[in-house]
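Please read the structure below before turning to the comments.
The values are calculated or read from the model by the stated rules, or taken from the named source; none is laboratory data. Since we're looking at a predicted model, the values are computed, not measured. For neighbour counting, all protein chains shown are included, and Cβ atoms are generated from backbone atoms with ideal geometry for every residue, glycine included.
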Amino acid sequence: MTSIRTMRPDDIDAGLELCRLAGWNQKAEDWRRMLALAPDGVFVDEQDGRVVATGSAIHYDTRIGWIGMVLVHPEYRRRGIASAIMNRCIDALRDRGIQSIKLDATDQGRPVYAKLGFRDERPIVRYVGAPHRRALASPSAARPVADADWPQIARLDEQAFGADRIALLKHLAAEGSAVVLSEGDRLRACGFVRPGHNAAQLGPLVAEDEASARAVAEALLAAHAPEQQLYWDVLPDNAHADRLAESYGLTVARRLTRMVLGDVNHCGRIELVHAVAGFELG
């Protein structure tokens, strides 16, 4: 018997098993964050008492919903389970009145999502490597996030992303490192990095210009072990982001397609985005 239901904390180990089978980067903290942000929007497919698939549907206010963590156990693929999970995620977001539903699709998933009505929005690439630090003309002026910074962080990130996701950002700051760059009373950039199973994940990194983005990246990487792998996901429509990731010696490992269902007007300002939060988060 097949049953799609909301995920519970005691399903996290099963979710991690699916991540390991797929070679994905998520840790238990990622699943816990998903459940905290969307307690009614993370789903599992249980067959004969065994969790064989997952999917997540997070919403950022009513403008943007994000589908991710669509995983199916290899023994249960090609049975329509992924499509069933996807439809459950879509329904959950539509029930909340979400205007624009997005996801980052692999080449394999893209035709499946197209059949559900998703359209291509833009490419997204993952840079991977052990970053080498570049010398700056002067020490980075970026500093750790303070409580007083959050209103400006929220405004800058909302401009970049297209919706309010301050709850996500606070989770990421608690799980890893978060820094900002200010000029006087004005916040010019903010960035986050968090641990992962295969590599640390840098992002989001939002900045008004390339120099500010580099200062934040430099501060985030200051405590990064030289041999540790890093994931840095960027939107190539912002050439500055590509150039910045490449300047640290990272190389493209994956190319995906950002897709959208519904309103296409919530795109944010791509020129501000120097790293996204991750394929599963937007």
- Message: Which residue is nearest to R5 (Cα to Cα), if the candidates are limited to segment 37-96 and must be in contact (Cβ under 8 Å) with a residue 60 or more places away in the chain and among the charged types (D, E, K, R)?
- Response: R88
- So which residues in segment 248-282 are part of a loop (DSSP other than H, G, I, E, B), at pLDDT 95 or above and among the acidic types (D, E)? E280
- Query: So which residues in segment 183-211 are of a type in the set (G, A, S) and in contact (Cβ under 8 Å) with a residue 12 or more places away in the chain?
  - Reply: A189, G191, G196, A199, A200, G203, A207
- Note on the structure: Result of the Cβ filter at 9 Å on segment 232-243, keeping first residues that are in contact (Cβ under 8 Å) with a residue 24 or more places away in the chain and outside the structural domain of L202 (by TED's automatic domain parsing) and partners that are outside any strand (DSSP E or B) and polar (S, T, N, Q), at least 6 apart or interchain, is none
- Message: Please pick out the residue among R33, R77 that is among the basic types (K, R) and surrounded by 19 or more Cβ atoms within 10 Å (Cβ to Cβ).
- Response: R33
- Message: Test of understanding: among A154, A105, which residue is under 21 Å from A22 (Cβ atoms), at pLDDT 95 or above and of a type in the set (G, A, S)?
- Response: A105
- Answer yes or no: is there a residue in segment 212-222 that is touching a residue at least 40 places away in the same chain (Cβ under 8 Å), in the same structural domain as R254 (by TED's automatic domain parsing) and of a type in the set (S, T, Y). no
- Note on the structure: For helices (runs of 4 or more DSSP H) lying entirely in segment 129-226, having 3 or more residues that are within 21 Å of W24 (Cβ to Cβ) picks out 166-175
- Quickly run through segment 262-279 and pick out the residues that are buried (at least 22 other Cβ atoms within 10 Å of the Cβ) and either closer than 15 Å to A105 by Cα or out of contact with any His (no Cβ under 8 Å at 6 or more places or on another chain) (or both). L272, V273, A275, V276, A277, G278, F279
- Query: Going by the conditions given, is V193 within 30 Å of N265 (Cβ to Cβ) and either crowded, with 23+ Cβ neighbours inside 10 Å or of a type outside the set (G, A, S) (or both)?
  - Reply: no
